[in-house]
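The values are calculated or read from the model by the stated rules, or taken from the named source; none is laboratory data. As the structure is a computational prediction, the values presented were derived from the model and not from experiment. Backbone-built Cβ (ideal geometry, glycine too); neighbour counts: all protein chains shown. What goes into the accessible areas is simple: the full protein's heavy atoms, side chains included, and nothing from ligands, DNA or RNA. Shrake-Rupley method; radii C 1.70, N 1.55, O 1.52, S 1.80 Å.
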Number of protein chains: 2
Amino acid sequence: MRSTPTVYDVAEHAGVSIATVSRVYRSPATVRVETRERVLAVARELGYVPSGSARGLASRTTGVLGLCFPDFHDTEAEGAPDADDAELMLYVDEVIRGMERAARRHGYALLIAASVAGGPGQSVSDMAGRVDGLAVLAQTVPEDELDVVARRLPVVMLANPPDRARDHVEVANFDGQLALTRHLIKDHGLRRLAFVGGPEDSPDGEARFRGYQAAHLAAGLPLPDRPDARSDLTQAGGRLAAQALLDRLSPRPQALVFANDQMAVGGLHALGERGLRAPDDIAVTGFDGIPLGRLVTPTLTTVRQPMGQLGEQAVALLLARLADHDRPPEARVLATTLTRRASCGCADR
Amino acid sequence: MRSTPTVYDVAEHAGVSIATVSRVYRSPATVRVETRERVLAVARELGYVPSGSARGLASRTTGVLGLCFPDFHDTEAEGAPDADDAELMLYVDEVIRGMERAARRHGYALLIAASVAGGPGQSVSDMAGRVDGLAVLAQTVPEDELDVVARRLPVVMLANPPDRARDHVEVANFDGQLALTRHLIKDHGLRRLAFVGGPEDSPDGEARFRGYQAAHLAAGLPLPDRPDARSDLTQAGGRLAAQALLDRLSPRPQALVFANDQMAVGGLHALGERGLRAPDDIAVTGFDGIPLGRLVTPTLTTVRQPMGQLGEQAVALLLARLADHDRPPEARVLATTLTRRASCGCADR
DNA sequence: CGCGCCTCTGTAAGCGCATACATCACCCTG
DNA sequence: CAGGGTGATGTATGCGCTTACAGAGGCGCG
């Protein structure tokens, strides 16, 4: 009784076998009411809490789903009015929420871990060893590691994966960026745009760029063959890229189209430093729809992703595969919506 | 080889014993380099992923910390410009973030679960069975359940607990509300304030009310003996309470002081419905510092809590107790900061 | 009255790993 | 060259639970 009580203790005190104790928790219906209540009473008295590890070992299922996301801690968080809460403006929060809620609805708990910048190797298989299914945000885990993990349990990517052999839920990046770019071209009459992309290995970023290209195509404008600049997907990256671009492009572009909101916010800062103003001197757009976009001046025109849905759909796909290991890979595509605010010249302020 | 490989498979293929395989992962330094690499190579080839459950069972530690939070899904999310993202404006996101980061720094993963409205009983001990330590947000779990769980593992409360016998990290609710109320009285010259509290069993809410009282005391104003109204801590609740208050109090109060931001936002709506404007007709204040407070009109004067810190400190306390089971209960108090915005008459707009 | 069947409970065998302890080879010291 | 270390590995056990299987009553039915 010194250490934490186990089934054995409960069984002994209740005068039953450990199997019965186990059944009280696993399949209460198969135990006579009287017995069940006696066991539960003893358990309560003893402070018995079933060991998740033991249960996991014996039943070969953990009742936990996992979520890996990149650690987007944007240290240069100067975009927000107070640096303090810039960090809570990131979209993974929404994904976490959505996923937690969906998981809980289905009786699962959620294990979360940002990928460690340094050695991700450990963390992923660490996670994989603890969960029944794993959702991975884009750019978090190298493909080959995922392959290893996927041999062991269901894995769903939360982004457009390089190949389509994996379950994934993606967002209509192409369509969204197409709509946004068309808006700039058609509605605002802009013709010389510049695109600031993310890393080349970001499938989302690349898909957005293709949407950007398509809008040019549709409008009969010259087809940009690649992003005018690239950087990582942070505010700092966006600012640097914008600075470089403003230095480099002699007829200043009429719009800076960023691959995501954080970069766009960084871009706004770069403009400010140059004494330029959006949207008067140059339009600016982002992608994602993070809350921060509404707090900056001017408010940021963007394409909003349904991030809560990302999490929900991830759970749905994981459960589907858990139920049928051999089903064909499925892709869920979530629609985006164009959010016109001030930075493209739509709203005032 | 059909099913997922285990230490036995790896050991056999590498020509070593399972103990050596285990050591390769647990204490690599004790294995000869040559052996270690052979084992790792085999493991990689086989797609071996150590089972968290088995490890947990054998080592009696899971490497996971848990966080229970209330499901504050504010269905009446009309406060936000788009209802969609009202849900990501809640402060638990920040706590989750802070805790995840701190946990990861110390080699732990984070298991999260909102308390199920219906039957919380199961979820808590479910969690407890899977983690090495548990952080619990106020009002999430009944005290007696916590007592049971606390016999098994370290538990820290993220709020002012009813008794001080538990590790907890609290926020300086009293001081914060005192400062805020004094600001209204001294700087804005208001004398007839009304306080809208939360449920009586919310320790935070009660502490805030005591700060409110103290400010009256210090200013020589009549001491309010209890909140002028109470409601649950949601927008809907705040709105209803404000409506009732405006109907009831015949000389309209000069300020509505809400126990938290969400209620205050609801209160702003109530004012709008009455054709009243803050701060001109009546000042309004909140408590927490949620991002939503900056998005509403007028922007919300509030007291900001360092919520990320809440999570970080929770981890610190859990680790401390894990290291020394017999240390006396510790309380960490986090300072708050008064954030003056428009709704009290400080900023414009 | 005997048989099959159903309900409830017990028995026993792992689940995959960590780890104390034993073993063994080898090196150093005197 | 013996004796004591030291480092690397193997052996064996148990962590706390689930679950197939077996057993024991009790029931209805022919």
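In loop segments of region A:243-349 as defined by DSSP, the GluC sites (Glu not before Pro) with at most 16 further C-beta atoms inside 10 Å of their C-beta are A:GLU330.
Annotation: Cα Rg of chain B relative to the compact-globule expectation 2.2 N^0.38 Å equals 1.24.
Relative to the dominant Cα principal axis of chain A, helix A:173-182 is inclined by about 30°. Once the Cα atoms are used to define both axes, helix B:307-323 deviates from the longest principal axis of chain B by about 40 degrees. Taken as Cα centroids, region A:23-61 and region A:132-197 sit 44 Å apart, rounded to the nearest whole angstrom. Placing a label point 7 Å from Cα along the Cα-to-Cβ axis, A:ALA218 is separated from the same position in the other copies by 6.0 nm, shortest listed first. Averaging 1/r over every pair of different alpha carbons in the protein assembly as shown and inverting the result gives a Kirkwood radius of 27.4 Å.
Can you give the relative contact order of region B:7-59 as a percent, counting alpha carbon pairs under 8 Å and 6+ residues apart? Present the calculation step by step, with values, prior to reporting the outcome.
Numbers: 34 pairs, mean separation 17.9, N = 53.
Reported as a whole number, the value is 34 percent.
Only protein atoms count toward the accessible area here, which uses a 1.4 Å probe; on the protein assembly as shown, the carbon and sulfur part of that area reaches 50 percent.
With every protein chain in place and a 1.4 angstrom probe, the accessible-area ranking of B:THR4, B:THR299, largest first, reads B:THR4, B:THR299. Accessible area of B:HIS13 (1.4 Å probe, protein heavy atoms only, ligands and nucleic acids ignored): about 110 Å².
Against the criterion of solvent-accessible heavy-atom surface with a 1.4 angstrom probe, B:ARG55, B:ARG226 sort, most first, into B:ARG226, B:ARG55.
Taking other residues whose beta carbon is less than 14 angstrom from the beta carbon of B:GLN254, and scoring Lys, Arg as +1 and Asp, Glu as -1, yields +1. Applying Stokes-Einstein at 10 °C and 1.306 mPa s to the Kirkwood radius of region B:7-59, computed over alpha-carbon pairs, gives a translational diffusion coefficient of 144 µm² s⁻¹. Ranked from shortest, the separations from the 7 Å Cα-to-Cβ label point of A:ARG151 to its equivalents in the other copies are 4.5 nm. At a probe radius of 1.4 angstrom, the accessible area of chain B per residue rounds to 41 square angstrom. Between the helical axis of A:235-248 and the longest alpha-carbon principal axis of chain A there is an angle of about 20 degrees.
List the accessible area buried at the contact between A and B, summed over both sides and calculated with a 1.4 Å probe, in Å² to the nearest 100.
Details: alone 16830 and 16880 Å², together 28480 Å².
Counting protein atoms only, the buried area is about 5200 Å².
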